[in-house]
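Visitor: This is the structure, below, for whatever I ask next.
The values are calculated or read from the model by the stated rules, or taken from the named source; none is laboratory data. Predicted model, so just to flag it, every value in this text is computed and none were measured. Virtual Cβ from ideal backbone geometry, glycine too; neighbours counted across all protein chains shown. Surface areas here come from the heavy atoms of the whole protein model, side chains and all, with no ligands, DNA or RNA. Shrake-Rupley method; radii C 1.70, N 1.55, O 1.52, S 1.80 Å.
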Amino acid sequence: MKLASLKDGSRDGKLVVVSRDLTRCTDASFLAPTLQVALDDWQRLSPHLASLAQSLELGSLPSQRFHEHQAQSPLPRAYQRANCSAYANHVELVRKARGAEMPPAFWTEPLIYQGGSDSFLAPRDPIHMADEAWGIDFEAEVAVIVGDVPMGAGPVEAGEAIRLVMLANDVTLRNLMASELAKGFGFFQSKPSSAFSPVAVTPDELGDAWDGGRLHLPLIVDLNGKPYGRANAGVDMTFDFPTLIAHAARTRPLSAGTIIGSGPVSNRLEDGPGKPIDEGGVGYSCIAEQRVVETMRNKEPQTPFLRFGDTVRIEMKDRAGRSIFGAIEQTVEKYEHNPVPEHRRGK
C-alpha cells in the first residue's frame, strides 16, 4: 500500500491511503489520524489500512484526486532520523573534496549521523536559504521508516522492522561542512531541513525490485529540467538497509517512526568514479560528486552549487515507467526572516 500525509493546517498532516497510480486517495484518519499513530500500532492497524488500499483500487469507496503539491513529507516530523553513507563511491569523493582520507573502518562499519527531524520540508515546497555562499546542495537518497527495533537487534530482525520505503532530498550546505566537522562534533548547521517523497510505500509494492535490503531501480534526478542523475540504488550499496538499521540500534532501541537514510545513491564505473549523463555515465545524486570529478580532471570544479531559482526533481519509476513515490520537486528561494507573531510565542 501507499500512504501520504495531506496538508490540513496541523503539524503532522492527515493520513490518507493513495492508489498505486498516485491519482486518487482516500481518508484513513478514522483509523489513524497521522502516519505516526499508524506506525505506533502497526500490527493492529496495517491490515485495516491494507484493506482500505484494496478497496480504493477496486473503486468501492469514496476517494478524491491526489495532488502531490498538497502532500507533506509522509512524516512531517519524526522522533528520530539517522542518515548514513552506504555508497562507497560517494564517501570517497566527498571526503576528497574536503581533504579527508577514506576511513578504513568504512568497509566493516557504516558511517552514520543523527540528523534533524523536528521539521521536514514538504516535497513540493521551496528550499528557503539565506545565502547562496553556503554551498547549497541536494542529496538524492532512498530511506526507510521502521517499527520498534530493540537495542542489539541483528540484521534479520532489523530487516523485519522495515515498514515503509520512500525517497529523500537531504539538503546539505557544503561550504559550511568542512569548518563544522573540523570542530570534531559533527553536522548541524550544514544539514538543514530535508524533504521526503509525497508517498511512502510498503516493501511489497516494490515487487522484485526490492530484495529485502536494497532497491534495484534507477534514482531519477533532474536539475532545472535536465537529466542530472540516473544512478541505480541497488548498485554499489556497500551496506544494505537491515545492516544500517542494526548498526543504528547497536547501543539504543529505535522507536517506531525512526527514519534511516541511505546517503546519496552513487555508482562507479569500472575505470573511474562516474561520468555525467551527457558523457555516457549515470550522472550524480548530488552536485558535490560532480565537482570532485571535475577537479580531478581539470584541477578545479566547473559546476556551481544551487542558486536561487534552481529547481531539483527527484523521482523513481518502476520497470513499466510508472512513478512509485511521486516526485520531490523543490526550488531554491531566498529566505526572509519573519518573526513569530507575539500571540504564537506561548505568552
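Visitor: Quick one: is L173 open to solvent by less than 20 Å² (accessible area, probe 1.4 Å), over 15 Å from the mean Cα position of the chain (by Cα), within 18 Å of S85 (Cβ to Cβ) and of a type in the set (A, V, I, L, M, F, W, C)?
Guide: Yes; evaluated as a whole, the condition is true for this residue.
Visitor: Oh, and also: Quick one: how many residues across the stretch 126-170 are open to solvent by 50 Å² or more (accessible area, probe 1.4 Å) and more than 22 Å from G263 (Cβ to Cβ)?
Guide: Adding up the residues that qualify gives 11.
Visitor: From the residues in the stretch 177-205 that are among the acidic types (D, E) and under 20 Å from the mean Cα position of the chain (by Cα), which one is least open to solvent (accessible area, probe 1.4 Å)?
Guide: For the stretch 177-205, the residue satisfying everything is E205.
Visitor: Do we find a residue being surrounded by fewer than 16 Cβ atoms within 10 Å (Cβ to Cβ) and under 22 Å from E141 (Cα atoms) anywhere in the stretch 256-268?
Guide: Taking every residue of the stretch 256-268 in turn, none turns out to be surrounded by fewer than 16 Cβ atoms within 10 Å (Cβ to Cβ) and under 22 Å from E141 (Cα atoms).
Visitor: In the stretch 67-88, which residues are at pLDDT 95 or above, farther than 12 Å from T258 by Cα, in contact with an Asp or Glu (Cβ under 9 Å, 6 or more places away or on another chain) and crowded, with 24+ Cβ neighbours inside 10 Å?
Guide: Q72
Visitor: What is the one condition in (1) part of a strand (DSSP E or B); (2) at pLDDT below 95 that A100 does not satisfy?
Guide: (1)
Visitor: Here is a further query. Please enumerate the residues belonging to the stretch 31-63 that are among the small types (G, A, S) and either out of contact with any helix residue (DSSP H, G or I) (no Cβ under 7 Å at 6 or more places or on another chain) or open to solvent by less than 50 Å² (accessible area, probe 1.4 Å) (or both).
Guide: Hits for the stretch 31-63 are A32, A38, S46, A50, S51, A53, S55, G59, S60.
Visitor: Another question about this same structure. Scan the stretch 206-215 residue by residue and report those that are open to solvent by 10 Å² or more (accessible area, probe 1.4 Å) and either closer than 22 Å to E92 by Cβ or in a helix (DSSP H, G or I) (or both). It would help to see each step written out before you state the result.
Guide: Filtering the stretch 206-215 down to residues open to solvent by 10 Å² or more (accessible area, probe 1.4 Å) leaves 206-208, 210-212, 214.
If the condition is that a residue be open to solvent by 10 Å² or more (accessible area, probe 1.4 Å) and either closer than 22 Å to E92 by Cβ or in a helix (DSSP H, G or I) (or both), then L206, G207, D208, R214 are the ones that fit.
Visitor: For the stretch 69-77, state whether one or more residues are touching a helix residue (DSSP H, G or I) at 6+ places or on another chain (Cβ under 6 Å) and without any contact (Cβ under 8 Å) to a residue 60 or more places away in the chain.
Guide: Within the stretch 69-77, not a single residue is touching a helix residue (DSSP H, G or I) at 6+ places or on another chain (Cβ under 6 Å) and without any contact (Cβ under 8 Å) to a residue 60 or more places away in the chain.
Visitor: Looking at the stretch 236-254 only, could you name the residues that are open to solvent by 50 Å² or more (accessible area, probe 1.4 Å) and either touching a strand residue (DSSP E or B) at 6+ places or on another chain (Cβ under 9 Å) or among the hydroxyl-bearing types (S, T, Y) (or both)?
Guide: Matches in the stretch 236-254: D236, T251, P253.
Visitor: Let me ask another. From the list R81, R65, R44, exactly one residue is at negative phi, under 16 Å from the mean Cα position of the chain (by Cα) and of a type in the set (D, E, K, R). Which is it?
Guide: Criteria check complete, one pass: R81.
Visitor: Something else now. Is there a residue being free of Cβ contacts under 8 Å to residues at least 60 places away in the same chain, closer than 16 Å to G257 by Cα and buried (at least 16 other Cβ atoms within 10 Å of the Cβ) anywhere in the stretch 21-30?
Guide: no
Visitor: Can you name the residue in the stretch 277-308 that is open to solvent by 60 Å² or more (accessible area, probe 1.4 Å) and of a type in the set (A, V, I, L, M, F, W, C) and is also modelled with the lowest pLDDT among such residues?
Guide: M296
Visitor: Output the qualifying pairs, or none if there are none: Cβ atoms under 8 angstrom, residues six or more apart or on different chains, first residue in the stretch 210-224 and at positive phi, second residue assigned to a strand (DSSP E or B).
Guide: N224/T311
Visitor: Kindly list the number of the only condition in (1) closer than 16 Å to E139 by Cβ; (2) among the β-branched types (V, I, T); (3) not in a strand (DSSP E or B) that fails for V221.
Guide: Exception for V221: condition (3).
Visitor: Going by the structure shown, is I112 assigned to a strand (DSSP E or B), over 23 Å from D204 (Cα atoms) and touching a residue at least 40 places away in the same chain (Cβ under 8 Å)?
Guide: So I112 passes the test.
Visitor: What number of residues within the stretch 33-66 are more than 21 Å from G9 (Cβ to Cβ) and not in a loop (DSSP other than H, G, I, E, B)?
Guide: So the answer is 19.
Visitor: So which pairs qualify, if the first residue must be in the stretch 316-332 and under 28 Å from F305 (Cβ atoms) and of a type in the set (G, A, S), the second must be assigned to a strand (DSSP E or B) and open to solvent by 50 Å² or more (accessible area, probe 1.4 Å), the Cβ gap must be under 8 Å, and the two must be at least 6 apart or on different chains?
Guide: S323/K317; A327/R313
Visitor: Further question on the same structure: Looking at the stretch 272-299, I want the residues that are in contact (Cβ under 8 Å) with a residue 24 or more places away in the chain and farther than 15 Å from D222 by Cα and have a partner that is of a type in the set (K, R) and part of a loop (DSSP other than H, G, I, E, B) with Cβ atoms under 7 Å, at least 6 apart or on another chain. Which pairs are those?
Guide: Taking only residues 6 or more apart or on different chains, the pairs are G274/R268.
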